[in-house]
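Here's the structure we're looking at; comments come further down.
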Amino acid sequence: MRIKSAKFVTSCADPESARAFTPQICVAGRSNCGKSTLLNALMGARLCKTSATPGRTKLINIFGVATDFVPFYFVDLPGYGYNAAQKHQADAFAERTDLYFRTNDIAQTLCLMDVRRDPSDLDKTLINYLRDLGLPFTVVLTKSDKLSRAQLSGATVKIAAALGLAKGNIIVTSGANGDGRDALLARLHEILSAQQ
């Protein structure tokens, strides 16, 4: 599948207002895990603002994507885990995210994690949460360009074991150099094909 064009559609604070946009590929992950960089690389445009400051995405951002197969929407959720000192905001984000997952028809959730880091308790909570709801997900490891091939292989095996996944259920990517982009687009094609 080839992405032909993409555009920012809207930001919403109310997760239920996202229901109008289908099919949805949700993108979730810890703050500063490389979500914006990877989305920009996939869409071929700098539509997501990237920042060295974690937690810049506070609303649910929706992007319309035209492909040579079928159109779909990327839904970029606020990152989690950055604002322990601002617990009221963290609680609000958790409520917003929970409502989003419970009220939207989501074709797939891409769970992004930095390949250099062991999965956090919050990462594991997200995976278990999606399993409990019966929602399909793919784990996408980011920032592969930061490790050697040997380090990357070892880190992937370790993360897969920590999450209770087979190594084949993880896609390794780099938004910086494009590694894994074709594999991820192939997975999205497979997912969207099943929706037809």
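The values are calculated or read from the model by the stated rules, or taken from the named source; none is laboratory data. In this text, all values refer to a predicted model and were calculated from it rather than measured experimentally. Reconstructed Cβ throughout: ideal geometry from the backbone, glycine too, with neighbour counts over all protein chains shown. All accessible areas refer to the heavy atoms of the entire protein, side chains included, with ligands and DNA or RNA removed. Shrake-Rupley method; radii C 1.70, N 1.55, O 1.52, S 1.80 Å.
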_Check on H88, surrounded by 14 or more Cβ atoms within 10 Å (Cβ to Cβ) and either of a type outside the set (A, V, I, L, M, F, W, C) or modelled with pLDDT of 90 or more (or both)_ = no
Expected single match for buried (at least 16 other Cβ atoms within 10 Å of the Cβ), charged (D, E, K, R) and within 25 Å of N40 (Cα to Cα) among D118, D123 is D123
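State whether the residues of the range 104-111 include one that is at pLDDT below 90 and loosely packed, with under 13 Cβ neighbours inside 10 Å.
Checked the range 104-111: no residue is at pLDDT below 90 and loosely packed, with under 13 Cβ neighbours inside 10 Å.
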Result of the Cβ filter at 7 Å on the range 132-143, keeping first residues that are more than 10 Å from G34 (Cα to Cα) and partners that are open to solvent by 50 Å² or more (accessible area, probe 1.4 Å), at least 6 apart or interchain, is T138/R187; V139/N169
R46 fails exactly one of (1) farther than 26 Å from Q196 by Cβ; (2) modelled with pLDDT of 90 or more, namely (2)
Looking across the range 167-194 at residues that are open to solvent by 70 Å² or more (accessible area, probe 1.4 Å) and not in a helix (DSSP H, G or I), the single one that is nearest to T109 (Cα to Cα) is D179
**Prompt:** Could we say that T125 is under 21 Å from G79 (Cβ atoms), outside any loop (DSSP other than H, G, I, E, B) and in contact (Cβ under 8 Å) with a residue 40 or more places away in the chain here?
**Reply:** no
G164 vs (1) at pLDDT below 90; (2) surrounded by fewer than 12 Cβ atoms within 10 Å (Cβ to Cβ); (3) over 30 Å from A45 (Cα atoms): all pass except (1)
Checked the range 1-36 for anything open to solvent by 20 Å² or more (accessible area, probe 1.4 Å), at pLDDT 90 or above, of a type in the set (S, T, N, Q) and closer than 26 Å to N128 by Cα; matches are S17, T22
Of S153, S120, S148, the only residue that is touching a residue at least 60 places away in the same chain (Cβ under 8 Å) and among the polar types (S, T, N, Q) is S120
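Looking at this structure, is T142 modelled with pLDDT of 95 or more, open to solvent by less than 60 Å² (accessible area, probe 1.4 Å) and polar (S, T, N, Q)?
The answer is yes for T142.
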task: Determine, yes or no, whether F101 is in a helix (DSSP H, G or I), at pLDDT 90 or above and not charged (D, E, K, R).
output: yes
Residue set F69, F93, F74; condition modelled with pLDDT under 80 and hydrophobic (A, V, I, L, M, F, W, C); output residue F93
